[in-house]
1. Counting other C-beta atoms within 10 Å, and keeping those with at most 13, which DSSP coil chymotrypsin sites (Phe, Trp or Tyr not before Pro) do you find in segment B:19-88?
2. If you place +1 on the Cβ of every Lys and Arg, -1 on the Cβ of every Asp and Glu, and leave all else neutral, what size is the dipole of segment B:4-63 about its Cα centre, to the nearest 20 Debye?
3. Can you tell me the FRET efficiency between residue B:35 and residue A:46 if r is taken as the Cβ-Cβ distance and R0 is 30 Å, rounded to the nearest 0.05?
4. Would you kindly work out, in nm and rounded to one decimal, the distances from the label point of residue B:38 to those of the same position in each other copy, ordered shortest first, with label points 7 Å along Cα-to-Cβ?
5. For segment B:133-166 and segment B:31-55, compute the distance between their C-alpha centroids and round to whole Å.
6. Please give me, ordered by residue number, the GluC sites (Glu not before Pro) of segment A:1-64 that lie in loop per DSSP and have at most 10 other Cβ atoms within 10 Å.
7. Suppose R0 equals 25 Å. What FRET efficiency, 1/(1 + (r/R0)^6) with r the Cβ-Cβ distance, do residue A:142 and residue A:121 give to the nearest 0.05?
8. With springs only between Cα atoms under 10 Å, which of A:141, A:188, A:113 fluctuates most in a Gaussian network model of chain A?
Number of protein chains: 2
Amino acid sequence: MYSFTEENYLKAIYKLSDNDGNGVSTNSIAENMETKAASVTDMIKKLSDKKLLKYEKYKGVNLTQKGKDVALQTIRKHRIWEVFLHEKLKFGWEEVHEVAEQLEHIQSELLINKLDEFLGYPTHDPHGDPIPGENGEFHSNAFVSLDTVEANKKVILSGVINHSVPFLQHLKKIDLTLGQKLMVIEINEYDRSLKLVLNGKIEIFISNEVAKNILVK
Amino acid sequence: MYSFTEENYLKAIYKLSDNDGNGVSTNSIAENMETKAASVTDMIKKLSDKKLLKYEKYKGVNLTQKGKDVALQTIRKHRIWEVFLHEKLKFGWEEVHEVAEQLEHIQSELLINKLDEFLGYPTHDPHGDPIPGENGEFHSNAFVSLDTVEANKKVILSGVINHSVPFLQHLKKIDLTLGQKLMVIEINEYDRSLKLVLNGKIEIFISNEVAKNILVK
DNA sequence: TATTATTTTTAGACAAATCTAAATTTATAT
DNA sequence: ATATAAATTTAGATTTGTCTAAAAATAATA
């Protein structure tokens with residue numbers, strides 16, 4: 001239906017959209033996709049011809065409903081594959097993204113639906129990001145950032161904001177993985193670094209920078 | 001490493017090779033890949049430059065060891081994915097090929113090895129074709145065609161020669177699927193059609209044409 | 001507001017893979 | 001052995017996605 005490249009553009013534009021009506025700029029797309037602005041202009045024209053987005057010269061772009069649908073289905077496939085890689089094939093959460101970037105472009109409705117069923121209809125990927133449904137609907141997750149949690153309240157690590165490989169590797173090393181039960185037991189006044197207790201036993205310290213990038217519920 | 005298209009050419013040439021030193025003809029490749037001879041010539045030159053095959057004008061091509069390795073790894077990936085689709089996602093054996101044609105091109109050594117482990121190191125795909133190992137080695141399967149089996153000998157359906165969707169659908173409809181235990185109980189002298197008994201219970205008739213395309217052990 | 005600076009677009013070129021039509025080579029048949 | 005047929009290659013064009021360099025539009029600043 002749509003090419004590998006078209007799907008990647010739509011996904012990038014979707015993620016860059018604020019839904020405030022302000023068009024996504026050519027440069028921001030180019031930066032996000034690690035390509036040049038001239039290439040983006042070319043592709044934008046093509047996607048506009050296909051009614052996947054609205055484009056006015058020099059004004060940036062906004063996805064149409066059709067464009068959003070394609071983006072959401074691609075994100076859905078990406079995240080379902082990530083669950084498969086993590087849960088079934090035991091990939092680390094820092095390893096799943098790269099492979100899922102390829103798998104998300106496999107064309108087969110049947111495949112993704114059967115995979116979804118095989119995995120028990122997961123609602124979140126291994127980074128805690130919600131998986132859109134077949135019709136693009138999100139069950140919003142209402143997670144909060146760990147640096148806003150009050151002391152002595154039990155929470156569960158449910159997602160991350162920073163998805164970078166080094167960050168994910170760091171968290172894994174200090175046993176902060178998805179589903180981890182934890183409690184903030186001390187908030188340092190000076191730098192807002194935190195002392196946590198994991199599983200009611202081990203105590204660890206994390207910086208505010210790290211805490212800001214962890215989501216809990 | 002190699003493009004989608006390059007892998008497909010190498011796979012097709014591998015399958016068309018007799019290993020008798022006779023080059024594979026341009027036309028046979030074109031026919032097999034449903035493309036034009038001129039396109040094949042272009043691609044052949046490219047693959048020859050990359051030392052994946054030996055090419056002399058008007059003499060056809062032969063894969064080098066390097067070319068065979070790439071072809072075998074692609075076939076390995078294809079067949080492992082077919083097992084996954086059939087065993088885990090419950091695709092019919094007539095449905096797996098098309099999707100595996102896409103999945104075989106995903107680039108990740110780690111992925112295919114972890115998938116192989118997840119599936120318990122299968123030796124054959126859902127059509128009974130052997131799965132090459134990591135180093136391209138085959139455990140040859142020594143199956144025989146059902147039309148050569150003597151009467152009253154218990155055998156197990158272990159593969160097919162004809163891989164077409166209609167043929168596979170037909171077999172499934174009459175309960176002839178991989179692993180089915182059966183016995184030839186009557187061989188018609190006139191047209192060499194067969195009467196079979198399945199699981200020691202149900203009796204069915206099949207034509208010689210069908211029998212020739214079924215492999216048993 | 002006039003002048004820079006930045007962003008975006010256009011123009012033209014390139015690489016990959018394909019095609020058609022024509023030319024060339026090899027095979028076949030009288 | 002010569003003519004015809006079949007297979008293969010070349011030449012030139014096309015599509016998709018990309019790029020650089022230059023031009024045009026918009027934004028920022030003095």
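1. Qualifying residues, ordered by number: B:58.
2. 220 debye
3. 0.75
4. The answer, with the shortest distance listed first, is 3.0 nm.
5. 31 Å
6. Answer in residue order: A:34, A:56.
7. Result of the calculation: an efficiency of 0.80.
8. Greatest mean-square fluctuation among the candidates belongs to A:188.
Laboratory data are not the source of any read-out in this text; all were calculated from the coordinates shown. Predicted model, so just to flag it, every value in this text is computed and none were measured. We place every Cβ from the backbone using ideal geometry, glycine too, and count neighbours over all the protein chains shown.
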